[in-house]
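The numbers here are math on the coordinates, done by the rules we state, and not lab data. Predicted model, so just to flag it, every value in this text is computed and none were measured. For neighbour counting, all protein chains shown are included, and Cβ atoms are generated from backbone atoms with ideal geometry for every residue, glycine included.
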Amino acid sequence: MTPQERLNEIQQLLESLKESYPAETNAFLTFMNKAEGSPALSAAQKELINVALAVAAQCEWCIALHVKGALSAGATRDEIMSAGFMAVLMHGGPALMYLTPLKNAVDSLLPEAQHG
């Protein structure tokens, strides 16, 4: 499954949950927006933290979502991969294996002109 397909699945899931479980879903999304809205860290820094946590949590949907977010916030390929290696440092070998979907997401979602 490609990172874009995972992103599509996230969107479909959220739409379904908003319809079936609006209170719970909206509560989570409100919390997420508040946490992401804090000015103490830049959007790119927050997404890089999320990338590392996604790798450590071994969540391919989260990896795709936060690679896209990090790229949109101006993070570079090297910054994203560095965040992934921080997860490996803290989480060990299993996180190292999840650099595979991280690298695939960066390669897939990074505009061709920015590949390096």
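Here each label is just a point 7 Å from Cα along the line to Cβ, and for THR100 and SER38 those points are 3.4 nm apart. Ordered from longest to shortest, the equivalent ellipsoid semi-axes for segment 14-59 are 24, 15, 7 Å, each the square root of 5 times a Cα gyration tensor eigenvalue. For LYS46, the lysines whose Cα falls under 22 Å of its own Cα, not counting residues fewer than eight places away in the same chain, are LYS34, LYS68, LYS103.
The share of C-alpha pairs in segment 39-116 whose separation exceeds 15 Å stands at 46 percent. Here the simple spin-label model places points 7 Å from the Cα toward Cβ, and for GLN4 and ASP78 these points are separated by 2.8 nm.
Note on LYS34, LYS68: ascending count of other Cβ atoms within 10 Å places them as LYS34, LYS68, the fewest first.
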